[in-house]
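The values are calculated or read from the model by the stated rules, or taken from the named source; none is laboratory data. Quick caveat: nothing in here was measured; it's all calculated off a predicted structure. Glycine also receives a Cβ, built like all others from the backbone with ideal geometry; neighbour counts cover every protein chain displayed. SASA here: full protein model, heavy atoms, side chains in, ligands and nucleic acids out. Shrake-Rupley method; radii C 1.70, N 1.55, O 1.52, S 1.80 Å.
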Amino acid sequence: MYRFLLSRQWVILTLLALLLIPTMIKLGFWQLHRHQAKVAQNTLIADNLKAKPVPVTELTAPGHTVPKADYWRQVTATGRFDTAHEVVVRRRTSNDGKVGYHVLIPLVLKDGTAVIVNRGWIPADGDQHAFPPIPAAPRGDVTVTGLLQADETTAASGIKDVSGLPPRQVMLISGEQQAKSLGRAVLGGYIAQTGPVPAGGSPEQIQDPEHSSIGPHMAYAVQWWLFVGGVPVGWVILVRREKRDRLAAAGQDTPAHEPVTAQPAA
């Protein structure tokens, strides 16, 4: 009755169903892990944004790699801006998605070391090879507040070619890279400036990272696991349908009995 399950077509279909089940289970756990990572990141951002600002030198030093636990920590730094070594970072977007530059400037601290400060975003003026006009940075001693960020790397950013750029333009924000041009020690990581707010609103301050949405990953995980239950159910339905169709076909092929004709009496 079920010998058709040994046919090539049904063997392939059954193997495909058996392969789909563990694959869908894995995809469900993958989405679950993405959900958990998003929740953990949102919690970290919220906690660090609420934490009391601390001097940047308490969290980083020259050659230090900022750990993920310190991302978005509120920090302060006091020093003088080195306007002669101000650079711009290409291909950066504003808070509303426009393409332009981020403005980087070293802040020289009292001990002679420097920390890179991301002053914010400015629009591109159309000429990608010329240094764009930048609102003047404050002179004299200044205290900057902002969010601590890790140095950007080619591996994490996906940007492979960082050479051959116009003068005073870079592709990545890297204290190590800036230290080579400054000739002085630079703290690891950089400060995304949130204060003081520049006069006229330019450069445009970088907004706090979004940390309210957890995304659809949990719903996707449940979806994949529901599909897991649907595979064997669908397989059984197909088997029953095939059995019914075969029985119906077999019944049509069987010749009916010839009717018996009565013979007239002699």
Q: Could you look through the stretch 120-154, keep only residues that are out of contact with any helix residue (DSSP H, G or I) (no Cβ under 7 Å at 6 or more places or on another chain) and charged (D, E, K, R), and pick out the one that is nearest to G164 (Cα to Cα)?
A: D127
Q.
Quick check on my filter: what residues within the stretch 46-91 are of a type in the set (S, T, N, Q) and out of contact with any Ser or Thr (no Cβ under 9 Å at 6 or more places or on another chain)?
A. N48, T60, T65, T83
(Q) Anything in the stretch 106-141 that is open to solvent by 30 Å² or more (accessible area, probe 1.4 Å) and touching a Leu at 6+ places or on another chain (Cβ under 6 Å)? List them, or say none. (A) none
Q | Of residues in the stretch 109-157 being among the aliphatic types (A, V, I, L, M) and touching an Asp or Glu at 6+ places or on another chain (Cβ under 9 Å), the one nearest to P196 (Cα to Cα) | A | A137
Q) Limited to the stretch 107-139, what total is found for residues that are over 28 Å from P62 (Cα atoms) and among the charged types (D, E, K, R)? A) 2
Q) Residue check: is S202 modelled with pLDDT under 90 and in contact with a strand residue (DSSP E or B) (Cβ under 7 Å, 6 or more places away or on another chain)? A) yes
Q.
If I filter the stretch 72-86 for residues that are over 30 Å from L109 (Cβ atoms) and either open to solvent by 40 Å² or more (accessible area, probe 1.4 Å) or outside any helix (DSSP H, G or I) (or both), do I get at least one hit?
A. no
Q: Select, from P196, P166, the only residue that is in contact with a His (Cβ under 9 Å, 6 or more places away or on another chain) and either of a type outside the set (V, I, T) or open to solvent by 70 Å² or more (accessible area, probe 1.4 Å) (or both).
A: P166
Q: Note down all Cβ pairs under 7 Å where the first residue falls in the stretch 89-103 and is on the phi < 0 side of the Ramachandran plot, the second is open to solvent by less than 30 Å² (accessible area, probe 1.4 Å) and charged (D, E, K, R), and they're at least six residues apart or on different chains.
A: V103/E86; V103/R119
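Here is a yes/no grid of residues against (1) under 18 Å from the mean Cα position of the chain (by Cα); (2) assigned to a helix (DSSP H, G or I); (3) surrounded by 14 or more Cβ atoms within 10 Å (Cβ to Cβ); (4) modelled with pLDDT under 90:
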residue: L5; (1), (2), (3), (4): no, yes, yes, yes
residue: V11; (1), (2), (3), (4): no, yes, no, no
residue: L16; (1), (2), (3), (4): no, yes, no, no
residue: L19; (1), (2), (3), (4): no, yes, no, no
residue: K26; (1), (2), (3), (4): no, yes, no, no
residue: L32; (1), (2), (3), (4): yes, yes, yes, no
residue: H35; (1), (2), (3), (4): yes, yes, yes, no
residue: A40; (1), (2), (3), (4): yes, yes, no, no
residue: L44; (1), (2), (3), (4): yes, yes, yes, no
Q: Could you please let me know if V66 is within 30 Å of A114 (Cα to Cα), within 27 Å of the chain's Cα centre (by Cα) and open to solvent by less than 30 Å² (accessible area, probe 1.4 Å)?
A: yes
Q: Confirm whether I237 is farther than 30 Å from F81 by Cβ and exposed (fewer than 13 other Cβ atoms within 10 Å of the Cβ).
A: yes
Q: Please indicate, with yes or no, whether at least one residue in the stretch 214-233 is at pLDDT below 90, closer than 30 Å to A40 by Cα, of a type outside the set (D, E) and assigned to a loop (DSSP other than H, G, I, E, B).
A: yes
**Q.** Within the stretch 215-229, considering residues that are small (G, A, S) and without any contact (Cβ under 8 Å) to a residue 24 or more places away in the chain, the one farthest from M24 (Cα to Cα)
**A.** A219
